[in-house]
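A.B. asks: Following this message is one structure expressed as structure tokens.
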Amino acid sequence: METLIQDLRLGLRAFLRYKSITAMALIALALGIGANTAIFTVVNAVLLRPLPYQEPDRLVTIWEESPERGMYEMPVSFANFRDWVDQNHVFEEISAYSFASMNLIGAGEPERFPVVRSSANLFSMLGAKPMLGRTFLPEEDKEGANRVVILSERLWQRRFGAAPGVVDQALTLNNQSYTVVGVMPAGFQFPVGFSYLGKVQSGPIDLYIPLAATSEETRRGNYSFFSIGRLKDGVTLDQARAEMTTIEGRLEQQYPDTNPGIGISLVGTHEQTTKDIRPALLVLLGAVGFLLLIACANIANLLIARAAARQKEFAIRSALGASRMRILRLLLAESVLLSLAGGGLGLLLALWTMDAMIAVAPDIPRLDEVALDARVFGFALAVSLATGIVSGLIPAIQASTPNLNETLKEGSRGSMGTVGGKRIRSLLVVAEVALSFVLLIGAGLMIKSFLRLQQMNLGFNPDNVLAMNISLPPSRYPEARQQAALFKETLDRIQSLPGVRSAGVTTGLPLMLSISGSDLRVEGRPEPEPGDIRIVYTRSVSPRYFETLAIPFVKGRDFSDRDDSESLKVAIINENLARIYFPDEEPIGKRITFDDGESWMSIIGVIGDVKQLGLDSAAQPEVYWPYAQTGATSMSLVVRTATGPAGPLQAVKTEIQAVDKDLPVSEVKTMEELLAESVAGRRFNMLLLTVFAGVALVLAAVGIYGVISYSVTQRTHEIGIRMALGARGSDVLKLVGGSGLLLALAGVAIGVVASLLLTRLMSTLLFEVTPTDPGTFAVVAALLIGVALAACLVPARRAVKVDPMVALRYE
């Protein structure tokens, strides 16, 4: 311990003596360790930390599926769910739930909140206990007896001032009275990171009510619920899959009309929560790992240069009796001390980086759980120690075996470095360039992929369009006629506002998941076989909705106010549906239905395809019908303005409140904001990978500069002789620049091979770009070679200015 303390004291004095080298090393270490710590903090919270429930490894998410129709992770039928509960022997409990939203009035300004409707046993199955009150009773999970609600701690604090007397208080939700029976503790959230159709459901849940499935919802063909179960102790996921598959097969035989080809899928809930974000996080973790290796190579180069300048010191130590292990331990202690200091700076950088990452991050599951904990501190310490050992080992081994005769004979000149040392430094630079090439290729592919995504045709124009949600309480507006009348009056008022060009409503905005699907039938055609049934997405819209979003008409007409509940039922289809169902026919005038012929709709128009599920998703077959013929309690309002959408916002809200003062307006955003949110995940991955690649490029340039600069210093005498013998400045430039170019070319060649192997791992993150895109490879190779030549420029110019007389006296 005494000698260790002495080594650390000597190392600290050495760092203070070589301030420039120490500063460069600390910057490189802080960047490498900080980036790794920041990404690991996210990985730890999202991928490694167990879900915040009791024994979360036994929780399983249950889906239904229809492989014949290419449909996976389908919502489940409540009727099937009840059969699972009765017939399975592998689950302790199974719970069903669904999503809704409800208007809260009478306790301040009207607001709309996301709601989970859950089976009464959900909270006990999760092992979650309320901080106030109780959870649901089994008898409350019945229609008519479900007028109870559980609040989130967040809503309790914000809306009710954390009043302990909130339990047993009555709330008005959707114009009906509900009794508060409990408040969940801070940190509880269900579901965590729930994703459907590849998108995370955003927004925390603030209200929980009993499921109390209606008679329509319990119809066996109605697939509108989600399910989660807890495995019995000792039961594996494979055993559960086998039994549940048997049960589902039995149900298919019992109910061939509603369950044809319906299968079941079981996924661990933790895996289900993280499966969409896992590939991106692992790619980013690999990227910062490469960045750390580049930083290690840089530090090793700096330490080799410093060790070369200290060869005489090490020779004297050896001559005075210091063993090779003693010198090796001294140098490793110095490098570890340096890496620990860099790790401390990196930890501070990680704190700042995490804040920046969270600010620009998309809907990443469990992002609110990201924090520095013992595991993160342990990771930072381990990375710092490993970095110190890895980066210091090669310089330490080389410096611990000095040639006493040669070194001591050199007198005051000091060591000029060995051939082996020069080779090691060159190899380290080649490795830096190769690793940087891989990172730059990844960033280049992501940038090109994102640009391709941005160039996709949306099918509508988002400029100057404001969007918001309006939801009616069903108890107050129970009939379709009442719902249509309210929305019509609202639209009439808004369209008369100055600065408003047009307005419309829809049951689902583009780029969102607020859509429903059904089986389409065409009049005069036979019933399709079960394997041929295609899901068609449906939306209810108002007249002028297509005009407001600038969705073009291919043929036919728009809806009008005459298309109401008293008139002939009509529909508008998109081009995709026309191509699939009417490839060689005129679709206008054809009749379609979704309910086995009870209600036929005549097609009156065909519109262009719209990117409904996201820019990276193909257009789906769609049918639109007039909202006045069907009614809807929840609609999205879109308003196209003459200037910016923010101007008439308050006037629009005032008109809505004038129609019904208890109607809350929620999720107010511009269509451009919704568009940005739809690509937020890809933008996030691209930005981080680009930043890491940029840092790697700078470190590689510094590494090349350091090697070439050191080489010029070592070869000063040689350059002087060459110039004395007639060498021109251009010859010296070629000599010095050629050395750097050779290192860069070797690194690029290795990087190309490594990239061809590694970029395939990120294929799921790309859009219309192959992992081996030749254009990206060519641009990155040219960029790296250009940066290498630029890094050689300063030492090359210094070499050209060498005075031959001074250089010859150098010896």
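The values are calculated or read from the model by the stated rules, or taken from the named source; none is laboratory data. Computed from a predicted model, the values in this text were never measured in an experiment. Glycine also receives a Cβ, built like all others from the backbone with ideal geometry; neighbour counts cover every protein chain displayed. When the accessible area is computed, the model is the full protein with side chains, heavy atoms only, and any ligands, DNA or RNA have been set aside. Shrake-Rupley method; radii C 1.70, N 1.55, O 1.52, S 1.80 Å.
A.B. asks: Mean residue ellipticity at 222 nm from the helices of the chain, using -39,500 (n - 2.57) per DSSP H segment of n ≥ 4 over the full residue count, to the nearest 500 deg cm²/dmol?
C.D. replies: Value at 222 nm, helices only, nearest 500: -16000 deg cm²/dmol.
A.B. asks: If you don't mind, there's one more thing I want to ask. Hey, what do the phi angles of region 468-476 turn into as Karplus ³J(HN,Hα) couplings, whole Hz, using 6.51/-1.76/1.60 and θ = phi - 60°, x for Gly and Pro?
C.D. replies: Working through the residues one at a time gives 7, 9, 10, 10, 9, x, x, 5, 8 Hz.
A.B. asks: Note down the nm distance, to one decimal, between modelled labels 7 Å out along Cα→Cβ at residue 129 and at residue 763.
C.D. replies: Here the modelled spin labels are 5.1 nm apart.
A.B. asks: Could you please state how large a percent of the accessible area of region 205-297 is carbon and sulfur, counting protein chains only and using a 1.4 Å probe?
C.D. replies: Values: 1960 of 3620 Å².
Carbon and sulfur: 54 percent of the exposed surface of region 205-297.
A.B. asks: I would also like to ask the following. Rounded to the nearest 10 Å², what accessible area does residue 171 have for a 1.4 Å probe in the complete protein model?
C.D. replies: In the full protein context, residue 171 sits at about 10 Å².
A.B. asks: Then there's this: Taking a spot 7 Å from the Cα of residue 495 along the direction of its beta carbon, which residues of region 548-564 have an amide N less than 11 Å from it?
C.D. replies: 548, 559-562
A.B. asks: Summing Lys, Arg as +1 and Asp, Glu as -1, what charge do residues with Cβ under 11 Å from the Cβ of residue 209 carry, residue 209 excluded?
C.D. replies: Values: positive: 117, 147; negative: 140, 141.
After counting each charged neighbour, the total is 0.
A.B. asks: If you find the alpha carbon centre of region 723-796 and of region 103-130, how far apart are they in angstrom?
C.D. replies: 58
A.B. asks: Report the one residue of 587, 613, 427 whose Cα lies farthest in the direction of the positive end of the charge dipole of the chain (charges on C-beta: Lys and Arg +1, Asp and Glu -1; origin at the Cα centre).
C.D. replies: Result: 427, furthest along the dipole toward the positive end.
A.B. asks: log₁₀ I(q)/I(0) of region 128-178 at q = 0.21, 0.22, 0.23 Å⁻¹, via Debye over equal Cα point scatterers, no solvent, to two decimals?
C.D. replies: Here log10 of I(q) over I(0) equals -0.86, -0.93, -1.00.
A.B. asks: Can you list the residues, at least 5 places off or on another chain, whose amide H is less than 5 Å from the amide H of residue 134, using H built in the peptide plane?
C.D. replies: Sorted by chain and number, the residues that satisfy this are 182, 183.
A.B. asks: May I ask you to compute the full-extension gain from residue 742 to residue 778, defined as 0.36 nm times their residue separation minus their alpha-carbon distance, rounded to one decimal in nm?
C.D. replies: That pair, residue 742 and residue 778, stretches by 11.2 nm at full extension.
A.B. asks: Let me ask another. Under a point spin-label approximation (7 Å from Cα along Cα-to-Cβ), what is the residue 219-residue 790 distance to one decimal in nm?
C.D. replies: Output for this residue pair reads 6.6 nm.
A.B. asks: Here is a follow-up. Carbon-plus-sulfur fraction of the accessible area of region 722-774, 1.4 Å probe, in percent?
C.D. replies: 69
A.B. asks: Quick check on region 39-99: take the gyration tensor over C-alpha atoms, sort the square-rooted eigenvalues as a ≥ b ≥ c, and tell me if it's rounded (a/c under 1.5), prolate or oblate.
C.D. replies: Oblate is the answer for region 39-99, as a/c is 1.5 or above yet b/c matches or exceeds a/b.
A.B. asks: Can you give the FRET efficiency for residue 653 and residue 721, using 1/(1 + (r/R0)^6), R0 = 60 Å, r = Cβ-Cβ distance, to the nearest 0.05? Spell out each step's value before the answer.
C.D. replies: Numbers: r = 83 Å, r/R0 = 1.38.
FRET efficiency, residue 653 to residue 721: 0.10.
A.B. asks: Would you kindly give the portion of the calculated P(r) for region 23-73 that falls above 11 Å, as a percent of all Cα pairs?
C.D. replies: Result for the distance tail: 78 percent.
A.B. asks: So, one more: Relative to the longest principal Cα axis of the chain, at what angle does helix 680-714 sit, 0 to 90 degrees, rounded to 10?
C.D. replies: Around 0 degrees separate the two axes.
A.B. asks: Let me ask you something else. Over every pair of different alpha-carbon atoms in region 663-811, take the mean of 1/r and invert it; report that Kirkwood radius in Å.
C.D. replies: Its Kirkwood hydrodynamic radius stands at 19.0 Å.
A.B. asks: Roughly how tilted is helix 19-43, in degrees to the nearest 10 and between 0 and 90, from the longest Cα axis of the chain?
C.D. replies: In the chain, helix 19-43 runs at an angle near 20 degrees to the longest axis.
A.B. asks: Quick check for me: using +1 on Lys/Arg Cβ and -1 on Asp/Glu Cβ, what's the dipole size of region 316-389 about its Cα centre, in debye to the nearest 20?
C.D. replies: With Lys and Arg at +1 and Asp and Glu at -1, about 780 debye.
A.B. asks: How much length is gained if the chain between residue 566 and residue 351 is pulled fully straight, taking 0.36 nm per residue apart and subtracting their Cα-Cα distance, in nm to one decimal?
C.D. replies: Taking 0.36 nm per residue and subtracting the Cα distance, the gain is 71.1 nm.
A.B. asks: In debye, nearest 20, what is the charge dipole magnitude of the chain about its Cα centre with +1 on Lys and Arg Cβ and -1 on Asp and Glu Cβ, if you could check? Present the calculation step by step, with values, prior to reporting the outcome.
C.D. replies: Working: 75 positive and 79 negative charges, 1076 e Å.
Result for the chain is approximately 5160 debye, rounded to the nearest 20.
A.B. asks: Treating the angle as unsigned and between 0 and 90°, give the value, to the nearest 10°, between the Cα long axis of helix 2-17 and the longest Cα principal axis of the chain.
C.D. replies: 90
A.B. asks: Report the accessible area of residue 85, computed with a 1.4 Å probe over the heavy atoms of all protein chains in place, in Å² rounded to the nearest 10.
C.D. replies: 70
A.B. asks: By how many nm would the segment from residue 479 to residue 553 lengthen if fully extended, with 0.36 nm per residue of separation less the alpha-carbon distance?
C.D. replies: Roughly 23.5 nm would be gained on extension.
A.B. asks: Then there's this: Taking 41 Å as R0, compute the FRET efficiency from the Cβ-Cβ separation of residue 770 and residue 179 and round it to 0.05.
C.D. replies: The pair residue 770/residue 179 has a calculated efficiency of 0.10.
A.B. asks: Something else now. What FRET efficiency would be calculated for the residue pair residue 246, residue 326, taking the C-beta separation as r and a Förster radius of 56 Å, to the nearest 0.05?
C.D. replies: Details: r = 70 Å, r/R0 = 1.25.
That pair, residue 246 with residue 326, gives E of 0.20.
A.B. asks: Tell me, what is the 1.4 Å probe accessible area of residue 584, in Å² to the nearest 10?
C.D. replies: Answer for residue 584: close to 150 Å² accessible.
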